[in-house]
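Before any comments, here is the structure.
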Amino acid sequence: MKSYPKIIDRILEIIRQHKTFCIIGHVRPDGDCVGSQLGLALALQGAGKKVTCWNEDSVPAKYRFLDPHGLFQKPKPGKKFDCVIATDCANFERLGRAGMLSLDRKILINIDHHESNPHYGDVNWVSAREPSCGELVFRLLKVARWPITKPIADCLFAAVSTDTGSFQYPTTRPGTFHTGAELVTRGADLATICNEVYESYSLSRARLLKHVYTKFRLTANDRIAYLWLKKKDFARTGAESNDTEGLIDHIRAIEPVVVACVFEELEPGLTRISLRSKSPDVNVNEIAAQFGGGGHQAAAGARIPGSPLSTQRKVITAIKRALNGAK
């Protein structure tokens, strides 16, 4: 096998030494989080380990087909593990209850691809050049020579596909296509994955999409598109918070737009922002960092306390500043 990061050897050595594992991921799990958690959990089970898979939030409906046996569970107090592995999580806080309730452990391994990751684990494999965490898990499994079964291939293909925008985002590298091809060769069911993930929207999400197209706003000579999702919008459409995944791409795709932003009211006085950039000269990770958040150059987010109007003003001002500073 071609050369690989030596940290993989260290991780595999730790795995060999321990028996009980908990695989944890970030709140509001997306496809990369769900696929990476499940793919790794299934591989560890195949290697004879006792594995628990925790996430504070439920698996979004479109990814539930990846977990037919209900591996995903809500975190429970009073549990003890030899080793906890966090996948696809940019910082410890984003693990939510899964992080706080898995503190009774011998070691924490952090496997991630966010450039803003502060290396919060005891052992850290953070590779920001990888467009998805699914690719890191795939490399780990290959070096370990663990069987990549059809269910594992489904999970990892879904992870890679969703975090690269179906292999369309500029972060996608030649190696990403090789990974995708190898996962299909090993049994990933392309038709089922594409149908479940991309072509099975709930009616409530369709109503939310109508809201997106009627309520988005443009500013800064149409280079910024932004949108508010308030509690009342969810109540009116019957949508849930996890129905929002990917909505931002609809306003990002408008031709003159360089940066898209979605403001989501989490509770009175607390707003979640999602940011997307289409320009290599505008790093939304740096914008999010100004508000205590982070992510990637082209996709980032933060949670901001304060009134909606003040939050909007501060964020739009920061985006404008970044646009004006770009080449």
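The values are calculated or read from the model by the stated rules, or taken from the named source; none is laboratory data. Bear in mind the structure is a predicted one, so any value in this text is a computation, not a measurement. Note: ideal-geometry Cβ built from the backbone for every residue, glycine included; neighbour counts use all protein chains shown. Remember, those area values only see protein heavy atoms, side chains included, never the ligands or the DNA or RNA. Shrake-Rupley method; radii C 1.70, N 1.55, O 1.52, S 1.80 Å.
Just for segment 234-255: of the residues that are at pLDDT 90 or above and in contact with a Lys or Arg (Cβ under 6 Å, 6 or more places away or on another chain), which one is most open to solvent (accessible area, probe 1.4 Å)?
252
Among all residue pairs at least 6 apart or on different chains, which show Cβ distances below 6 Å where the first residue, located in segment 136-163, is at pLDDT below 95 and the second is in a helix (DSSP H, G or I)?
162/31; 162/32; 163/32
When you go through (1) open to solvent by 20 Å² or more (accessible area, probe 1.4 Å); (2) under 17 Å from residue 39 (Cα atoms) one by one for residue 106, which number turns out not to apply?
Condition (2) is where residue 106 drops out.
With respect to residue 97, is the statement that it is under 13 Å from the mean Cα position of the chain (by Cα), more than 24 Å from residue 5 (Cβ to Cβ) and open to solvent by 10 Å² or more (accessible area, probe 1.4 Å) true?
When the stated conditions are applied, residue 97 does not pass them.
Identify the single condition in (1) at pLDDT below 95; (2) under 30 Å from residue 203 (Cα atoms) that residue 297 does not satisfy, given that it satisfies every other one.
Of everything listed in (1) at pLDDT below 95; (2) under 30 Å from residue 203 (Cα atoms), residue 297 misses just condition (2).
Look at segment 41-88 and say how many of its residues are part of a loop (DSSP other than H, G, I, E, B) and open to solvent by less than 10 Å² (accessible area, probe 1.4 Å).
Looking only at that region, the number is 3.
Out of (1) in a strand (DSSP E or B); (2) on the phi > 0 side of the Ramachandran plot, the odd one out for residue 246 is which?
Status for residue 246: all satisfied but (1).
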